[in-house]
1. Below 8 Å between Cα atoms, with a sequence gap of 6+, how large is the relative contact order for the chain in percent?
2. Per residue, how many Å² of accessible area does the chain show with a 1.4 Å probe?
3. Tell me, which longest segment in the chain has none of the trypsin sites (Lys or Arg not before Pro) that fall in DSSP loops with at most 14 further Cβ atoms within 10 Å?
4. How big is the equivalent ellipsoid of region 112-152 along its three axes, where each semi-axis is √(5λ) from the Cα gyration tensor, reported in whole Å from largest to smallest?
5. Note down the net charge around Pro124, summing +1 for each Lys or Arg and -1 for each Asp or Glu among other residues with Cβ under 13 Å from its Cβ.
6. Sketch the reach of a paramagnetic label on Ala146 as a point 7 Å from Cα along Cα-to-Cβ, and name the residues of region 162-177 whose backbone nitrogen lies under 16 Å away.
7. Tell me, what % of the accessible area of the chain is carbon and sulfur with a 1.4 angstrom probe?
8. Less than 9 Å Cβ to Cβ from Ala164, Lys/Arg counted +1 and Asp/Glu -1: what total charge do the surrounding residues give?
Amino acid sequence: PPSLRLLLFPTGWHVLASSRSAHCAGNLRQLAAAIHLYASEHGNRLPPTYIKGSSAPDNNWFYPIYPYLGGGSALPYDWSKLMEAVRNGAYRCPQATAWNSYKMNMKLRTHDKSLTGMPLASLPALASVIMIAEGNGGHVEFDTYASSDGNVGLWYPHGGHLNAAFVDGHIEHLSESALQARWDECNAIALP
């Protein structure tokens, strides 16, 4: 009956939305694991989040970790080929419209001109600091919890929530207001 179809539709949509959120959380787990594998082979330092002043395809965090995602080789050193590879892998939430949908915490960028990432030992509490979170387009880093900032802000595509990977590798599902309330804790990083 038509009334039964109306009752089933929201449930089906909810299952699809939950599935996409779970897929996205799985992507973040893979990315966090790849970052930690990278760090284990690079002096216990995170990959550089973004290399300021460079427009080369390897100027951001997702380039050096690609081999650790099971790809075995480097991303193509060509922007259009790189964007296609990123668009079809763990770098992209199924809800996303942009070619990449995850951003790394801007505070994890080092400013020592060495082109290396933040040393893990310099982070205060690995379970408290967000490493990667959802951001649809704009910059490859985030600097605010605000969804209103399309460049360095975050994105809440899962029923008003986002998935975030913390430095210790655990994933949390957070609303914008919940992240705002915890922002000082989740972003408490002293720059080297």
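The values are calculated or read from the model by the stated rules, or taken from the named source; none is laboratory data. These numbers were taken from a predicted model, which means no experiment stands behind them. Glycine gets a Cβ as well: all are built from the backbone with ideal geometry, and neighbour counts include every protein chain shown. Each accessible area value is taken on the protein alone, full model and side chains, heavy atoms only, with ligands, DNA and RNA left out. Shrake-Rupley method; radii C 1.70, N 1.55, O 1.52, S 1.80 Å.
1. Numbers: 342 pairs, mean separation 41.7, N = 192.
Over the chain, the number comes to 22 percent.
2. Numbers: 9240 Å² over 192 residues.
Averaged over the residues of the chain, the accessible area is 48 Å².
3. Details: sites that count: Lys52, Lys113.
My reading of the result: 114-192 is the longest stretch.
4. Working: eigenvalues 104, 45, 11 Å².
In descending order, the three semi-axes are 23, 15, 8 Å.
5. Details: positive: Lys107; negative: Asp168, Asp184, Glu185.
Its environment carries a net charge of -2.
6. Once the point is set 7 Å along Cα→Cβ of Ala146, 176-177 turn out to lie under 16 Å by backbone N, inside region 162-177.
7. Values: 5260 of 9240 Å².
So the carbon and sulfur contribution to the accessible surface is 57 percent.
8. Working: positive: none; negative: Glu134, Glu172.
Surrounding charge for Ala164 is -2.
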